[in-house]
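One structure is given here, and the rest of the page talks about it.
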Amino acid sequence: MAFSSEIIAWYNLNKRDLPWRHTQDPYVIWLSEVILQQTRVEQGLPYFHRFLSHYPDVTSFAEAPEDEILLHWQGLGYYSRARNMHRAAKTVVAEYAGIFPARYDDLIKLKGVGEYTAAAIASFAGNEAKAVVDGNVFRTLARYFGIDAPINSSKGKKLFLALAQELLEVTQPGIYNQAVMEFGAMQCKPKNPDCATCVLQLDCKARREGRVAQLPVKIKSKPSRNRYFNYFVIVDGDRILMNKRGRGDIWENLYELPLIETPYQMETHELANTPAVVACFGATAALRLLAGPVKHVLSHQNLFAQFIAVHVNGGIGDKKMKWGYVFIKDLGTLAKPKLIYSFLKDYMFE
């Protein structure tokens with residue numbers, strides 16, 4: 001089709017020189033694809049190089065401690081993806097003798113590998129005729145063909161996947177998939193795309209109908225819930241009190257400051273009199289606001305965090321509590337949510 005040939009021709013002239021485009025190693029491509037699902041290329045490149053330098057193959061990735069994987073992932077968010085990568089690597093070592101699979105049917109079985117990632121790896125590494133559909137592809141196809149079906153509906157996803165498979169250049173699926181994704185990232189951008197220089201402008205239905213800004217269509221998700229986090233900064237000489245989060249909530253196994261969550265944003269004088277604070281620090285503890293409230297947006301959650309210094313006459317010491325002291329010099333070795341990392345970097349020690 002003219003669409004596919006135009007996209008490939010554009011790609012050959014305009015593609016960025018990216019390291020994962022110089023290999024067909026499915027392990028390297030897997031690393032790049034998962035990282036780029038989290039962030040833009042410019043921000044993702046240092047993470048890609050960091051992971052590849054520490055873990056040049058899937059076996060070294062699988063053998064690394066989870067805390068170490070999370071530390072290298074720090075700042076990308078969605079830490080469950082890093083944990084899923086670790087589990088997938090262990091599966092490859094156990095079931096594929098440490099040889100990362102390149103077939104779609106094998107890839108789709110790995111933890112954290114969905115249809116898009118499996119199709120991307122299979123087509124880039126094995127030239128398998130599987131179409132990729134990511135945000136860039138959704139947007140390009142919706143605009144070019146003038147499709148109103150919501151991209152996050154079951155019907156819409158099926159429609160776009162079928163169309164993408166129909167458009168796939170089967171003699172060079174890997175090149176075509178990279179081309180259409182690159183086109184969406186660089187040319188058919190979400191906001192203010194440069195339609196005047198677009199090679200597809202004459203046949204683009206959205207441009208003809210003046211609907212570029214309205215496509216693609218996406219069903220609005222449910223409103224995010226608000227949560228109010230009160231982080232406490234308790235320093236004892238060269239140590240600081242920290243907490244390792246458990247299962248069943250955000251940031252599993254990451255380190256944070258001692259936390260007490262409240263149903264709404266409280267001033268420090270009100271917070272000091274809550275049963276939870278009194279139970280932890282006593283009724284005479286002096287609280288002083290260091291920073292915040294800071295809004296931190298997650299999927300379906302808005303966190304409003306404030307950071308509070310705690311002073312207790314006689315000190316808190318090492319009495320039995322759910323938190324534990326770590327040496328300040330060792331903070332850099334702990335995997336932390338970006339919210340905590342940024343506070344410590346800006347206000348404290350790192």
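The values are calculated or read from the model by the stated rules, or taken from the named source; none is laboratory data. Predicted model only: the values in this text are computed from it and were never measured. Here the Cβ positions follow ideal geometry from the backbone for every residue, glycine too, while neighbour counts run over all protein chains shown. Keep in mind that these areas ignore ligands, DNA and RNA; they rest on the heavy atoms of the full protein, side chains included. Shrake-Rupley method; radii C 1.70, N 1.55, O 1.52, S 1.80 Å.
Comparing Gly248, Ala125, Ser80 along the charge dipole axis of the chain, the residue lying farthest to the positive side is Gly248, per the Cβ-charge model. Checking every one of the trypsin sites (Lys or Arg not before Pro) in the stretch 198-307 against DSSP loop status and a limit of 12 other Cβ atoms within 10 Å picks out Lys220, Arg247.
Where does each of His49, His72 land when they are ordered by accessible area, with a 1.4 Å probe and the largest first?
From most exposed to least exposed: His49, His72.
Simple rule: put +1 on each Lys or Arg Cβ and -1 on each Asp or Glu Cβ in the chain, find the dipole, and look at Ala285, His49, Phe100; the Cα lying farthest toward the positive end is Ala285. For the stretch 240-300, applying the loop criterion from DSSP together with a ceiling of 13 other beta carbons within 10 Å to the chymotrypsin sites (Phe, Trp or Tyr not before Pro) yields Tyr264.
Under 5 Å from the amide H of Asn152 lie the amide H atoms of Ile219, each residue being 5 or more positions distant or on a separate chain, with H modelled from the backbone and absent for Pro and chain starts. If you sort Met85, Met186 by accessible surface, 1.4 Å probe, largest first, the order is Met186, Met85. A dipole drawn for the stretch 103-229 from +1 and -1 charges on Cβ atoms has a positive end, and of Ser154, Phe229, Gln172 the residue lying farthest that way is Phe229. Apolar share of the accessible surface for the stretch 193-301: 52 percent from carbon plus sulfur atoms, 1.4 Å probe. Given +1 at the Cβ of Lys and Arg, -1 at the Cβ of Asp and Glu and no other charges, the dipole of the chain around its Cα centre is 1000 debye to the nearest 20.
The label-point distance for His22 and Lys329, in a model that sets each label 7 Å from Cα toward Cβ, rounds to 3.9 nm. Charges were assigned to the Cβ only: +1 to each Lys and Arg, -1 to each Asp and Glu. The resulting dipole of the stretch 181-255 about its Cα centre is roughly 460 debye. Over the chain, Cα pairs under 8 Å with separation of 6+ residues give a relative contact order of 16 percent. Magnitude of the charge dipole for the stretch 1-155, about its Cα centre and with charges confined to Cβ atoms of Lys, Arg (+1) and Asp, Glu (-1), is about 360 debye.
For the stretch 1-121, with all protein chains in place and a probe radius of 1.4 Å, 51% of the accessible heavy-atom surface sits on carbon or sulfur.
Just one of (1) 26, 47, 25, 3; (2) 25, 39, 22, 11, 2, 0; (3) 27, 60, 13, 0 is P(r) over Cα pairs in 20 Å bins from 0, in percent calculated from these coordinates, so which is it? Checked against the structure: label (1). In this structure, the pairs whose alpha-carbon distance is over 21 Å, taken from Lys157/Lys220; Lys109/Lys218; Lys244/Lys329, are Lys109/Lys218.
For a quick check of your reading of the filter: which GluC sites (Glu not before Pro) in the stretch 224-324 sit in a DSSP loop and have no more than 11 other Cβ atoms within 10 Å?
Glu267
Build a GNM of the chain with springs between Cα atoms under 10 Å apart, and of Ala305, Ala149, Ala196 the one that fluctuates most is Ala196.
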